[in-house]
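Working notes, structure below.
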Amino acid sequence: MSENGGIDIRYLPRALFITISSIGIMPARFLFKILYETKIEKTKITKPPVFIIGHWRSGTTFLHELLSYDPQFSYVTLWITLLPDSYLILNPMKNFLSQFLPSTRPMDQVEVAADGPYEEEAGLSVLYDWSFFHALHFPRNAEQQYLKSIHFQGFTNEELKNWKKIYLKLMKTVTFENSGKRLILKNPPNSTRIKELLEIFPDAKFIHIYRNPYKVYLSTKKMRTKVLDKLALQDAYEDEIEDQVINNYIRFMNSFFKQKGRIPNKNFVEISYEDLVAEPLKQVQIIYGKLDLTDFDKAKPYLEKYLESKKDYKTNVYSIDKKIIDKVKINWGFTIDMWNYKPPK
């Protein structure tokens, strides 16, 4: 898009690879449309989706991976997000193409698996011009991408209508592939889209997870820097990234707080990341009880299997100086005080 400000010369090889790859899968997209378009359109989502929401780096990935082990759920995979409008055609090539994926995520060393759960925003970025994922390619236009894709600020009625249509179609595609199983979805931007999601899925259920804001700041800044190193098509600057992390959190969380009251109490539950890490099965049982999700006892062995597989995983350890503590406290004190957090030692 011209609004994104073009590509810096040193990133031309990366841009060329993306362009050639996109052209290469055009026949698969065309065949996907012929074979599956009508079937997907006719698909009904009869079981209200479960949305995991929360700011980036607040534990959404851990919760999503844990709940995805429950066989009652289906989910968007990394493979789907890479090829959302052609993956059913290219499934025979999945094992081969997966060899080119990194083995872990750059910001936290979480294992990357093509069939593992992933946030649908990555798939939406393939299907639509406005997604915060585009800010990771075009950091000079990060502000506009953030405002339009996260808050729908500046969206025309037609743009919003198209976004909802594309989002619903992606959800129908995954539901079609998984024979109608309930969707468990994790996507931080959905925290600010509650109004629109309830217009699509009036009975949707929401799990909000939050984490110590001091650690969220450090982790989000690291994530932005690491991912930009891998994906950017323009130069990014540390001071700009830092300002965006601070300002976006304020806008993001305030938008969530304003909208969460739209969710019926029976369809909303809130937990902290720290409680989830300390007692994962207890927290999941609370979630299932509050949201009236069935068969926790049946799911428990599968959840235990996931937890056993991650028992040796170590989260990032951060050092935090007084300057950062003061900056986060001044700007994010509204959540620090609400959730009664202290600076990490």
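None of the figures in this text is laboratory data; all of them are computed from the coordinates on show. None of the values given here were measured: they were computed from a predicted structure. Backbone-built Cβ (ideal geometry, glycine too); neighbour counts: all protein chains shown.
When the chain is treated as a Gaussian network with alpha carbon springs shorter than 10 Å, the biggest mean-square fluctuation among Glu238, Glu274, Glu119 belongs to Glu238. Residue by residue, the range 291-298 carries 3J(HN,Hα) couplings of 8, 6, 8, 7, 6, 4, 4, 6 Hz when phi is fed to the Karplus relation 6.51 cos²θ - 1.76 cosθ + 1.60 (θ = phi - 60°); x denotes Gly or Pro. Backbone phi angles across the range 199-210, fed through the Karplus curve with coefficients 6.51, -1.76 and 1.60 (θ = phi - 60°), yield HN-Hα couplings of 5, 7, 10, x, 9, 4, 10, 10, 10, 9, 10, 10 Hz in residue order; Gly and Pro are listed as x.
Which net charge results for the neighbourhood of Ser86, defined as the other residues with beta-carbon distances under 11 angstrom from its beta-carbon, given Lys and Arg at +1 and Asp and Glu at -1?
On the way: positive: Arg29, Lys33; negative: Asp85.
Within the 11 Å Cβ shell, the charges total +1.
Counted by neighbouring Cβ atoms within 10 Å, the residues Lys44, Lys260 run from fewest to most as Lys44, Lys260. Summarising the amide proton neighbourhood of Ile52: residues at separation of 5 or more, or on other chains, whose placed amide H is nearer than 5 Å comprise Leu185, Lys186, Asn187, Ile207.
Here the contact order of the chain, divided by its residue count and restricted to Cα pairs under 8 Å and six or more residues apart, works out to 25 percent. When Glu308, Glu177 are sorted by how many other C-beta atoms sit within 10 angstrom of their C-beta, beginning with the fewest, the order is Glu308, Glu177. Restricted to Cα atoms, the range 2-314 shows a radius of gyration and a Dmax of 19.1, 56 angstrom.
Over the residues of the chain, the helix contribution to mean residue ellipticity at 222 nm works out to -17000 deg cm²/dmol, using -39500 (n - 2.57) for each DSSP H run of at least 4.
Quick one: Ile20, Ile241, fewest Cβ neighbours within 10 Å first, how do they rank?
Numbers: Ile20 9, Ile241 17.
Ordered by Cβ neighbours within 10 Å, fewest first: Ile20, Ile241.
Considering only Cα atoms, the convex hull volume of the range 236-305 works out to 140 Å³ per residue.
Anything over 25 Å Cα to Cα? Flag those among Lys148/Lys310; Lys161/Lys186; Lys164/Lys329; Lys221/Lys266, in the order listed. Pairs exceeding the cut-off: Lys148/Lys310; Lys164/Lys329; Lys221/Lys266. For the range 221-229, putting each phi into the Karplus relation 6.51 cos²θ - 1.76 cosθ + 1.60 with θ = phi - 60° gives couplings of 4, 5, 4, 4, 5, 5, 5, 4, 4 Hz, in residue order, rounded to whole numbers and with x for Gly and Pro.
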